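Notes to accompany the following structure.
The values are calculated or read from the model by the stated rules, or taken from the named source; none is laboratory data. Just so you know, these numbers come straight off a predicted model, no measurement behind them. No Cβ is skipped: glycine too gets one built from the backbone with ideal geometry, and neighbour counts run over all protein chains shown. What goes into the accessible areas is simple: the full protein's heavy atoms, side chains included, and nothing from ligands, DNA or RNA. Shrake-Rupley method; radii C 1.70, N 1.55, O 1.52, S 1.80 Å.
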Amino acid sequence: MNRSTLVALALVAFCGMLGAQTEIIYLENPSFEDEPRPGWQPRGWIDCGFAGESPPDVQPFGGFGVTQAAHDDNTYLGLVVRDNKTWEAVSQRLARPIREGQCYRFSIYLARSAQYVSPTKRKPNELTNFNKGAILRIYGGNSPREKAELLASSDMVSHTDWRPYKFEFTPKKSYRYFVLEAYYKTPTMFYYNGNLLLDNASEIYSCEIPEEKPDNPILAQVDPEEKKTNVKPSPKEEPVLPEAKEEPKEEVKEVDRGDFKGDLKAEDLALGDKFRLDNLYFQADSSSITPAAALELNELVAFMKKNKGVSIEVGGHTNGLPTHDYCDKLSRARAKSISAYLTAKGVDRRRISYRGYGKRKPIADNETREGRKRNQRVEIKITKLERN
């Protein structure tokens with residue numbers, strides 16, 4: 001057996017070992033969607049609170065003074081901590097367990113409601129505002145209410161806008177249940193009434209899954225400190241509303257028209273015309289709209305408002321380094337985030353669709369730095385034209 005054969009066999013063995021350690025665990029109902037109502041855990045989740053206390057809330061249902069719009073889709077989870085030394089939590093049985101010694105990453109959007117008004121057992125005849133912030137604690141266990149190991153915790157969530165929190169943890173044992181718990185700021189001298197809002201949780205995925213390294217990042221996102229549990233939120237983002245429109249079914253010939261310019265006129269367009277959103281970059285493993293990206297997108301908002309007969313598809317593309325599954329999910333999340341931004345700025349959501357193409361449509365060589373930069377892009381495609 002020659003040297004080149006031995007090297008090839010060694011590489012195959014190494015890739016096999018890596019693949020065995022690489023996994024994505026999908027949560028059921030990660031966006032906490034359900035009928036908005038008090039005292040009811042969202043479908044797919046189990047109430048892990050205290051006996052005799054009310055379950056969490058599916059918000060916003062119109063009560064308690066909670067009016068925050070959801071970050072993703074329509075609803076989110078509301079958890080409270082109480083001054084009687086009780087607090088709320090939910091859990092979920094995982095499709096497969098998180099494994100002992102395996103490094104995982106997880107992210108979720110968190111916020112605090114300025115109002116969360118409700119009677120308490122101590123003061124049943126008056127309203128108390130549970131308006132203080134709380135922290136998120138993440139546990140692993142092997143039964144719905146078991147909190148066998150604290151996997152990660154956040155800093156105090158005192159902001160009222162949605163912000164992403166990222167966690168990295170390595171369980172000391174294998175666990176079948178995943179627990180999300182609101183808790184008091186620590187250390188604390190007294191128990192208090194507070195709330196924590198949760199939305200748009202990610203999958204639980206192996207740290208071995210490759211991450212894109214942007215060639216031109218525009219705003220650094222917070223990375224988890226190595227082997228630590230406390231994390232801080234990313235910088236404040238533009239608030240966005242969710243977009244859930246289906247992708248268009250009509251097949252048209254695509255024509256690359258280069259970079260998008262805000263002075264385009266509808267009469268100069270045709271179905272299938274594609275434009276790149278130049279200078280629109282995302283940080284690694286992120287689909288968040290940053291202030292610099294918003295400047296680029298505001299030109300598109302103005303164009304869409306001026307040309308009300310134009311409908312578009314937002315297409316996300318990645319470079320060729322990560323796996324297909326990872327690229328598909330990330331590119332779709334980015335396209336969805338941009339679509340949501342346009343909707344939040346007043347563009348009719350019926351005129352927008354989105355699609356993640358992953359790394360399937362490169363326009364340059366992925367073997368070069370410049371090529372990967374060009375492939376990691378966002379495009380818009382004209383899907384409907386109605387001229388007066």
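From the list 377, 355, 372, pick out the single residue that is open to solvent by 60 Å² or more (accessible area, probe 1.4 Å) and within 27 Å of the chain's Cα centre (by Cα). Before the answer, list the steps.
Values: 377 fails: open to solvent by 60 Å² or more (accessible area, probe 1.4 Å); 372 fails: open to solvent by 60 Å² or more (accessible area, probe 1.4 Å).
Result of the check over 377, 355, 372: 355.
Could you check residue 367 against (1) out of contact with any Leu (no Cβ under 8 Å at 6 or more places or on another chain); (2) part of a strand (DSSP E or B); (3) open to solvent by 70 Å² or more (accessible area, probe 1.4 Å) and say which number it fails?
Going through the list (1) out of contact with any Leu (no Cβ under 8 Å at 6 or more places or on another chain); (2) part of a strand (DSSP E or B); (3) open to solvent by 70 Å² or more (accessible area, probe 1.4 Å), residue 367 breaks only (2).
What is the number of the single condition among (1) modelled with pLDDT under 90; (2) open to solvent by less than 10 Å² (accessible area, probe 1.4 Å); (3) over 30 Å from residue 105 (Cβ atoms) that residue 387 does not meet?
Only one criterion in (1) modelled with pLDDT under 90; (2) open to solvent by less than 10 Å² (accessible area, probe 1.4 Å); (3) over 30 Å from residue 105 (Cβ atoms) is unmet by residue 387, namely (2).
Look at residue 146 and say whether it is surrounded by 16 or more Cβ atoms within 10 Å (Cβ to Cβ), over 24 Å from the mean Cα position of the chain (by Cα), modelled with pLDDT of 95 or more and part of a loop (DSSP other than H, G, I, E, B). Even if it seems obvious, please write down each step before you answer.
Details: surrounded by 16 or more Cβ atoms within 10 Å (Cβ to Cβ): yes; over 24 Å from the mean Cα position of the chain (by Cα): yes; modelled with pLDDT of 95 or more: yes; part of a loop (DSSP other than H, G, I, E, B): yes.
Judged against the criteria, residue 146 is a match.
Would you confirm, using the coordinates I've provided, whether residue 5 is modelled with pLDDT under 95, β-branched (Val, Ile, Thr) and outside any helix (DSSP H, G or I)? Reasoning before the result, please.
Working: modelled with pLDDT under 95: yes; β-branched (Val, Ile, Thr): yes; outside any helix (DSSP H, G or I): no.
So residue 5 does not fit the description; no.
Filter segment 311-356 down to residues that are assigned to a helix (DSSP H, G or I) and over 21 Å from residue 386 (Cα atoms), then give me how many there are. Steps first, please.
Taking segment 311-356 and keeping what is assigned to a helix (DSSP H, G or I), we get 324-344, 349-351.
Subsequent filtering for residues that are over 21 Å from residue 386 (Cα atoms) retains 324-338, 340-341, 344.
Number of matching residues: 18.
I need every pair where a residue in segment 353-369 that is touching a residue at least 12 places away in the same chain (Cβ under 8 Å) and within 13 Å of residue 315 (Cβ to Cβ) has its Cβ under 7 Å from the Cβ of a residue that is in a loop (DSSP other than H, G, I, E, B) and among the charged types (D, E, K, R), sequence separation at least 6 or different chains.
353/245; 353/246; 353/247; 354/243; 355/247
In segment 85-127, what count of residues is obtained for those that are assigned to a loop (DSSP other than H, G, I, E, B), of a type in the set (A, V, I, L, M) and in contact with a Pro (Cβ under 8 Å, 6 or more places away or on another chain)?
Initially, segment 85-127 is screened for residues assigned to a loop (DSSP other than H, G, I, E, B), giving 85-86, 88, 99-103, 112-116, 119-127.
Still in the list and also of a type in the set (A, V, I, L, M): 114, 127.
With in contact with a Pro (Cβ under 8 Å, 6 or more places away or on another chain) added as a condition, the list becomes 127.
Matching residues across segment 85-127 total 1.
Please determine whether any residue of segment 28-51 is modelled with pLDDT of 90 or more, open to solvent by less than 30 Å² (accessible area, probe 1.4 Å), in a loop (DSSP other than H, G, I, E, B) and in contact with a His (Cβ under 9 Å, 6 or more places away or on another chain).
Yes: one or more hits.
Here is a list of conditions, (1) buried (at least 22 other Cβ atoms within 10 Å of the Cβ); (2) polar (S, T, N, Q); (3) under 20 Å from the mean Cα position of the chain (by Cα), and residue 158 meets all of them except one; can you say which number that is?
Evaluating residue 158 over (1) buried (at least 22 other Cβ atoms within 10 Å of the Cβ); (2) polar (S, T, N, Q); (3) under 20 Å from the mean Cα position of the chain (by Cα) leaves (1) as the failure.
Quick check on my filter: what residues within segment 43-58 are in contact with a Ser or Thr (Cβ under 8 Å, 6 or more places away or on another chain) and either aromatic (Phe, Trp, Tyr) or over 14 Å from residue 93 (Cα atoms) (or both)? I'd like the intermediate steps shown before the answer.
Narrowing segment 43-58 to residues in contact with a Ser or Thr (Cβ under 8 Å, 6 or more places away or on another chain): 45-46, 48-50, 53, 58.
Those that are in contact with a Ser or Thr (Cβ under 8 Å, 6 or more places away or on another chain) and either aromatic (Phe, Trp, Tyr) or over 14 Å from residue 93 (Cα atoms) (or both): 45, 49, 50, 53, 58.
Within segment 129-143, track down each residue that is surrounded by 18 or more Cβ atoms within 10 Å (Cβ to Cβ) and either part of a loop (DSSP other than H, G, I, E, B) or out of contact with any Gly (no Cβ under 7 Å at 6 or more places or on another chain) (or both).
Within segment 129-143, 130, 133, 135, 136, 137, 138, 139, 140, 141 meet the criteria.
Scan segment 36-53 and report the pairs whose first residue is over 17 Å from residue 199 (Cβ atoms) and whose second residue is surrounded by 14 or more Cβ atoms within 10 Å (Cβ to Cβ) and among the hydroxyl-bearing types (Ser, Thr, Tyr), with Cβ atoms within less than 6 Å and a gap of 6+ or a chain change.
From segment 36-53, the pairs are 39/54; 46/91; 48/91; 50/86; 53/86.
For segment 159-243, give me every one of the strands (runs of 3 or more DSSP E) that falls completely inside it and has 2 or more residues that are at pLDDT 95 or above. Walk me through it before giving the result.
Details: elements: 163-169, 175-183, 194-199, 204-206.
Filter on segment 159-243 gives 163-169, 175-183, 194-199.
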